[in-house]
Number of protein chains: 2
Amino acid sequence: MLPIALDAMGGDNAPGAIIEGAHRAVAELGVPIVLVGRPEEIESLRGDLDVLPASEVIAMDDAGSKVRTMKDSSLVRAAEAVRDGKASAMVSAGNTGATMASALLRMGRIKGVARPAIATPIPVPGSTPTVLLDAGANAECQPQWLVQFAQMGAVFARERYGIAEPRVGLLSIGEEASKGNPLVKETHALLAEPGALARADARFAGNVEGRDIMTDDVDVVVTDGFTGNVALKTLEGGMRALVGSVLGALGATPVADEAVAALMPLYAALDPDSTGGAMLLGVDGVCIISHGSSSATAVVNALRVAGEMVEAGVVERLRSVVSPA
Amino acid sequence: MLPIALDAMGGDNAPGAIIEGAHRAVAELGVPIVLVGRPEEIESLRGDLDVLPASEVIAMDDAGSKVRTMKDSSLVRAAEAVRDGKASAMVSAGNTGATMASALLRMGRIKGVARPAIATPIPVPGSTPTVLLDAGANAECQPQWLVQFAQMGAVFARERYGIAEPRVGLLSIGEEASKGNPLVKETHALLAEPGALARADARFAGNVEGRDIMTDDVDVVVTDGFTGNVALKTLEGGMRALVGSVLGALGATPVADEAVAALMPLYAALDPDSTGGAMLLGVDGVCIISHGSSSATAVVNALRVAGEMVEAGVVERLRSVVSPA
């Protein structure tokens, strides 16, 4: 496998935690990695990892459009390495908008794909995660794009979680086909057509509601990037509030230590560090977007997912299942 | 105070739990209540409560438009009683769409209000709830409507939770005014105008994200009814999954009983039964919508909120603060 291009400069804990994660991934997973970033900031940490030099860094709060002028940034160089056949995938915990923009700019889209979408795994207690997309790439969508998201999400759910025939739900505000906004109603009609998901070996499960996301009733949930991002962040905030409260409530009791220990496996499963990041589906290469707050563990998991998606040939699979919009 | 018209027929546990809640509300809160529904189904349960007869029942899964033909339904009769000055408020745990439709049809809108909105309190650990609106009345909205929702939500937050100057956030996918879909961007510009929320004695806190809803950074969160409903139900599903997992994880440990006891106050605060239901803001009367799964306790809380909103003169307050759309 070609090395995975890891943006050493992106993320709240860069470059320290990022490069620590790279070393652990090499040791634990055996994946080849090339660090992309400023050599002078990486040198003392890189050990025997290769470095692809990039003199610029796009900040976490910069506009995504910065990729057009910052051509020697770590993000643009990482995407370029994938395009040029020098890397098998790119991984970044940096600016999400700029990561998407650099992947689009340098890798381009898979032929026929109207818009790439961010596919984010949402943990489901006791089951495989639900893949939510679009989790924020496209604030406004057209029905045909959502059909492609459904096809791509199904491929991702199969390759990443081994689900033979993923059930794809359309996020709405009621199960009936008549419920929702115009985008949802038009998309429902398209997804209900026989054959809409046939090439993706997936099944349309109809409209689903927000409360279905964290259940095992559905494997993929499709929505526009505005609604998807709101749902994702609402869930993150809710989990944080509840876990914080649980730990707070237990901290005041005599059973605190034991109870907290009992909670830890659950907390870990719900922790974004464990999910291994989101994948930008529809660009012509593997691009994994890790949480901005990524720890070294999160980086290891993101690199693991990147390697698995390369090995599974997910981009080739996407190319063969997406129908033109 | 005039009696509160309680739909005895609406909800998964009607009429038993509904009427049990009514008796408890009379005993515990001293609020006057009139039961609305089929006399033959109520008679054996009503005790000394008055009954307003209604021969029809709109089912939980009926279309809201049924209110046009089912004029002797409990929902239509309850709304009529408010319009005719025979009741001070209506409360139902029944079909949400039909509850809204009956309130609109019989009470009408407050002058100047373009569309009523459902205001739902979202619990915040350690603080007053955040009022989310629109939680599902209008799947498609215009910017001017969202400005009215902001004004109405602020009045509700003040009258219900005693917040002197509510902070109103606009739900988006980034804090910057440039983020979001066209509806959000246009609404942001309107809410940022000096005076937009002046009559409501509220302050525009700018864009907020999903993760801010369950924090005390904001008192009111405004969005369209599609996004609001998705956020609300996503949170419900997430809470259910997490609380279930927590109890499951603890159930397997020796500390289970003590730990579960420690969790109970938190669980109760997050339970929809405790929040007292949502209020339909913008119709010309007090209309409280309780969860379909309401227990007797939920009914008591909904009746308490209805009584408080009547006493506070919230409809008169709304009339004076809403600017024409």
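Here are some notes:
- Annotation note: of A:V51, A:V36, the sole residue that is modelled with pLDDT of 95 or more, surrounded by 18 or more Cβ atoms within 10 Å (Cβ to Cβ) and assigned to a strand (DSSP E or B) is A:V36.
- Odd one out for B:V315 among (1) at the interface with chain A (Cβ under 7 Å from one of its Cβ atoms); (2) modelled with pLDDT of 95 or more: (1)
- Residue list for the range B:126-137, filter: surrounded by fewer than 24 Cβ atoms within 10 Å (Cβ to Cβ) and closer than 20 Å to A:R211 by Cβ: B:P129
- For the range A:93-113, a residue qualifies if it is within 15 Å of A:V315 (Cα to Cα) and either part of a strand (DSSP E or B) or hydrophobic (A, V, I, L, M, F, W, C) (or both), and the qualifying residues are A:A103, A:L104, A:M107, A:R109, A:I110, A:V113.
- The range A:60-76 residues that are among the aliphatic types (A, V, I, L, M), paired with ones that are part of a loop (DSSP other than H, G, I, E, B) and open to solvent by 50 Å² or more (accessible area, probe 1.4 Å) (beta carbon under 9 Å, 6 or more apart): A:M60/A:D12; A:A63/B:S178
- Residue match in the range A:73-82 (condition: assigned to a loop (DSSP other than H, G, I, E, B) and under 17 Å from A:A101 (Cα atoms)): no
- Checking each residue in the range B:78-88 for being open to solvent by 70 Å² or more (accessible area, probe 1.4 Å) and more than 20 Å from the chain's Cα centre (by Cα) picks out B:D84, B:K86.
- Every condition in (1) modelled with pLDDT under 95; (2) open to solvent by less than 20 Å² (accessible area, probe 1.4 Å) is met by B:M152 except one, and the failing one is (1).
- Of all residues in the range B:299-321, those satisfying the criterion of being under 16 Å from the mean Cα position of the chain (by Cα) and more than 17 Å from B:P32 (Cα to Cα) are B:V314, B:V315, B:L318.
- Pair list, Cβ < 6 Å and 6+ apart or interchain, from the range B:203-214 residues that are among the hydrophobic types (A, V, I, L, M, F, W, C) to residues that are open to solvent by less than 40 Å² (accessible area, probe 1.4 Å) and part of a loop (DSSP other than H, G, I, E, B): B:F204/B:L197; B:A205/B:V218; B:V208/B:V218
- When residues of the range B:132-188 are limited to those that are part of a helix (DSSP H, G or I) and free of Cβ contacts under 8 Å to residues at least 40 places away in the same chain, the one farthest from the other protein chains (Cβ to nearest Cβ): B:H188
- A:S65 being open to solvent by 50 Å² or more (accessible area, probe 1.4 Å), among the small types (G, A, S) and part of a helix (DSSP H, G or I): yes
- Residue within the range A:260-268 that is open to solvent by 10 Å² or more (accessible area, probe 1.4 Å), of a type outside the set (G, A, S), closer than 25 Å to A:A117 by Cβ and at pLDDT below 95 present: no
- The one condition from (1) closer than 25 Å to B:A139 by Cβ; (2) within 14 Å of another protein chain (Cβ to nearest Cβ) that B:V243 does not meet is (1).
- Residue count, the range A:293-325 (criterion: more than 25 Å from A:K111 (Cβ to Cβ) and in a loop (DSSP other than H, G, I, E, B)): 3
Residue-wise test of (1) more than 30 Å from A:K179 (Cβ to Cβ); (2) not basic (K, R).
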site	(1), (2)
B:G37	no, yes
B:I42	yes, yes
B:V51	yes, yes
B:A54	no, yes
B:M60	no, yes
B:A63	no, yes
B:R68	no, no
B:S74	no, yes
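- Of the set (1) at pLDDT below 95; (2) part of a helix (DSSP H, G or I); (3) among the hydroxyl-bearing types (S, T, Y), all apply to A:T128 but (2).
- Within the range A:206-225, considering residues that are buried (at least 20 other Cβ atoms within 10 Å of the Cβ) and in a strand (DSSP E or B), the one farthest from the other protein chains (Cβ to nearest Cβ): A:V220
- Counting only residues that are modelled with pLDDT under 95 and open to solvent by 50 Å² or more (accessible area, probe 1.4 Å), the range A:162-176 holds 2 of them.
- Selection within the range B:226-240 - facing chain A (nearest Cβ under 8 Å) and of a type outside the set (S, T, Y): B:F226, B:N229, B:V230, B:A231, B:L232, B:K233, B:L235, B:E236, B:G237, B:G238, B:M239, B:R240
- Hits in the range A:24-33 (condition: of a type in the set (V, I, T) and either open to solvent by 70 Å² or more (accessible area, probe 1.4 Å) or in contact (Cβ under 8 Å) with a residue 40 or more places away in the chain (or both)): A:V31, A:I33
- Of residues in the range A:107-125 being out of contact with any strand residue (DSSP E or B) (no Cβ under 9 Å at 6 or more places or on another chain) and either open to solvent by 20 Å² or more (accessible area, probe 1.4 Å) or within 14 Å of another protein chain (Cβ to nearest Cβ) (or both), the one nearest to B:N181 (Cα to Cα): A:G112
The values are calculated or read from the model by the stated rules, or taken from the named source; none is laboratory data. Note that this is a predicted model, so its numbers are computed, not measured. Here Cβ is always computed from backbone atoms with ideal geometry, including for glycine, and neighbour counts include all displayed protein chains. In case anyone asks, the SASA skips ligands and DNA or RNA and just uses the protein heavy atoms, side chains included. Shrake-Rupley method; radii C 1.70, N 1.55, O 1.52, S 1.80 Å.
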